[in-house]
């Protein structure tokens, strides 16, 4: 099957490959897999106080389309607010990369990875806020 | 899709006797071979050829644990279709990711011993997933498919695919480097 030029471009020269510290409270990690083929994808975001994604990294073990989808996803979400990034649809990724129907699931994986990274970050932030709200009450006792 | 167990005349079971299945495949293939049908009518020759293809496909399906599992799931009325699989267990996924990263590093370092060690670990993982799938399929068959835990069965099958993918990748890396 022939890959589109954009897929090859991202595959040969992927953007933002790497890892962020998953223990860092400002980092959200999304880990997703495709049970049908055994591909795995990790996408991480670093979010600032205003909820803007300052950095994004990914690592994907999978086919060219899966690598291109996650590479493109990290490029798109950098600089976006998490609310906006969470609205990115797999169809937009598939369209940008000209993915053939059999590779649509790769873009689904990338969308899932973004959502799951944002969800992880939100949970961390909520846990921190709960802790911060608790702290003065404990101190007042 | 045709039932590969019926095609080879075998009892449907995950833990089937592979040697017996291979024997059936060989015997049937021999009987269906075009040389034995050179005197038959064109229609009969076509039928024999069609049947021979079916027999080959059945054997290919049954010798692969993943495809064998899928065939049994279909028999139990569970739909095996891409995009409908349950999400994998996060801890399992994390483990797969770590192993894939370790494998990639072993490749970069051209560390054959490390690669073989990782393959060994994944084979053990695969054996565990096969045993778990076998147990669940046995359970489902025992109660006549009355209460099929489709999600659990599909999860086990998914885990097997992650293991297989890792092992395929390791084989490619080994051929490339050593």
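Every number in this text was worked out from the coordinates using simple rules, so none of it is lab data. It should be emphasised that the depicted structure is a prediction, and the values quoted were computed from it without experimental measurement. As a convention, Cβ positions derive from the backbone with ideal geometry for all residues, glycine included, and neighbour counts pool all protein chains shown.
Assorted remarks:
- Tensor-based shape of chain B (alpha-carbon gyration tensor, a/c under 1.5 rounded, otherwise prolate or oblate): oblate
- Whole-angstrom gap from segment A:1-60 to segment B:99-161, using each part's C-alpha centre: 25
- Principal axis extents of the C-alpha atoms in the protein assembly as shown (largest first, rounded to whole Å): 92, 52, 42.
- Segment B:1-80 pair-distance distribution - Cα-Cα, 10 Å bins, rounded %: 19, 46, 25, 10, 0
- Alpha-carbon geometry of segment A:5-131: the Rg and the Dmax are 13.9, 49 Å, given in that order.
- Nearest-ten-degree value, helix A:64-77 long axis tilted from longest Cα axis of chain A: 40
- In degrees, nearest ten, helix B:112-142 long axis to first principal axis of chain B (Cα): 50
- Expected 222 nm ellipticity per residue - DSSP helices of 4 or more, -39500 (n - 2.57), all of the protein assembly as shown, to 500: -21000 deg cm²/dmol
- Relative contact order, whole percent, for chain B stands at 24, derived from Cα pairs under 8 Å and 6 or more residues apart.
- Helix B:65-75 vs. chain B, principal-axis angle (Cα, 0 to 90°, nearest 10): 60
- With all pairs of separate Cα atoms included, segment B:139-178 yields a Kirkwood hydrodynamic radius of 12.3 Å.
- Inter-part distance, segment A:65-141 to segment B:24-63, computed on C-alpha centroids, equals 53 Å.
- Of A:11, B:162, A:3, the sequence from fewest to most neighbouring Cβ atoms within 10 angstrom is A:11, A:3, B:162.
- Here segment A:60-102 yields Rg over Rh of 0.99, to two decimals, using C-alpha coordinates and the Kirkwood radius.
- Segment A:10-139: relative contact order in percent, alpha carbon pairs under 8 Å with at least 6 residues between: 29
- For chain B, built as a Gaussian network whose Cα springs stay under 10 Å, the top-fluctuating residue of B:62, B:16, B:153: B:16
- Considering only the protein assembly as shown, percent of DSSP beta bridges that pair antiparallel, nearest 5: 95
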